[in-house]
1. So in region 17-37, with the set limited to residues that are small (Gly, Ala, Ser) and part of a strand (DSSP E or B), which one is farthest from Phe73 (Cα to Cα)?
2. Restricted to region 38-74, and to residues that are touching a helix residue (DSSP H, G or I) at 6+ places or on another chain (Cβ under 6 Å) and in a strand (DSSP E or B), which residue is farthest from Glu20 (Cα to Cα)?
3. Against the condition at pLDDT below 95 and surrounded by 12 or more Cβ atoms within 10 Å (Cβ to Cβ), how does Gln30 come out, does it pass?
Amino acid sequence: MKHAASFLLVLLFSHQAFAECVEGDCTNGQGHMKYDDGTQYIGQWKDGMPNGQGRLTNPDTSIKEGLWSNGQFVDGGSPPE
């Protein structure tokens, strides 16, 4: 299940055409991205992908908050460099 969720996140963040950066810098900085399906990510970005501290809120209101690395949620560990 963890691999399926990771694949879904990679797929979600790889389709930037279906998303809009509504605030900040969603390429390299701090920004707020809204996706067509209602998913939102607010946090740090690097090379157009979530990287660093951030919060992903899904349309069903489930939330993943913490460290992200190259578009993937990191379950603990150190922040990416």
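The values are calculated or read from the model by the stated rules, or taken from the named source; none is laboratory data. Worth saying up front: this structure is predicted, and the values here are computed from it rather than measured. Cβ sites come from the backbone with ideal geometry, for glycine too, and all protein chains shown count toward neighbours.
1. Here is the first cut: in region 17-37, the residues small (Gly, Ala, Ser) are 17, 19, 24, 29, 31.
If we keep only those that are part of a strand (DSSP E or B) as well, we get 19, 24, 29, 31.
Values: Ala19: 19, Gly24: 21, Gly29: 17, Gly31: 17 Å.
This residue is Gly24.
2. Step one: list which residues in region 38-74 are touching a helix residue (DSSP H, G or I) at 6+ places or on another chain (Cβ under 6 Å), which gives 49, 71-72.
Checking which are in a strand (DSSP E or B) leaves us with 49, 72.
Working: Met49: 13, Gln72: 19 Å.
Among those that are touching a helix residue (DSSP H, G or I) at 6+ places or on another chain (Cβ under 6 Å) and in a strand (DSSP E or B), it is Gln72.
3. In short, no.
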